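In what follows, a structure is listed as structure tokens, so that the remarks can point back to it.
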Amino acid sequence: MTSTPAAADTILTHFRETGEEPEDYDLIVTGDLGALGSRILKDLTWEKGLDIGKNHVDCGEIIYNVIEDEFQGGSGAGCSAVVLNSYLYTKMMTGGFKRILFAATGALLSTVSSGQGESIPCITHAVVLER
């Protein structure tokens, strides 16, 4: 969930700079915000005038949605890699998806900085995948 503001900023910047709309994509995918982070992301983008609710999915939610009452997933990098290289790749190669905005999320965790009460820097990189 800590990566949620970074994901919102990257997604908002992408749409502002390209002039595209969320409907131009089959999916808008984030790395691992979990269920709670996904809801917050949708709220943050909605507040800025961008509705991604219809086609946003989160890799952590895809992996961990089988666990009841689990609101978070695991590693953003791990969840992104697993979902991209299995589910999303297969769906793109079989024609199920033609265009995806893939926003991998991550927190730059450090035991030293968090132990000192410092903030956790987060990052989101986005790529457009097309078939």
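Values quoted throughout were computed directly from the atomic coordinates according to the rules given, and no laboratory measurement underlies them. Please read all numbers here as calculations on a predicted model, not as lab measurements. Here Cβ is always computed from backbone atoms with ideal geometry, including for glycine, and neighbour counts include all displayed protein chains.
Structure summary
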| quantity | calculated |
| --- | --- |
| Neighbourhood charge, 14 Å Cβ-Cβ cut-off, centred on residue 80 and excluding it, Lys, Arg +1 and Asp, Glu -1 | -3 |
| Cβ-isolated cysteines (cut-off 4.7 Å), the chain | 122 |
| Net charge of Cβ neighbours under 11 Å - reference residue 9; Lys, Arg +1; Asp, Glu -1 | +2 |
| Extension gain (nm, one decimal) between residue 98 and residue 113, 0.36 nm per residue minus Cα-Cα | 1.3 nm |
| Debye log10 I(q)/I(0) for the range 3-57, one point scatterer per Cα, at q = 0.14, 0.19, 0.24 Å⁻¹ | -0.30, -0.56, -0.93 |
| D_trans [Stokes-Einstein, Kirkwood Rh over alpha-carbon pairs] for the range 4-130, 37 °C, 0.692 mPa s, µm² s⁻¹ | 219 |
| Net charge over other residues, Cβ less than 14 angstrom from the Cβ of residue 125 (K, R count +1; D, E count -1) | -2 |
| Length added when fully stretched, residue 17-residue 89, from 0.36 nm per residue minus Cα-Cα | 23.3 nm |
| Relative contact order computed over the range 4-130 (Cα-Cα under 8 Å; 6+ residues apart), in percent | 30 |
| Amide H contacts under 5 Å for residue 105, placed H, 5+ residues apart | 31, 32 |
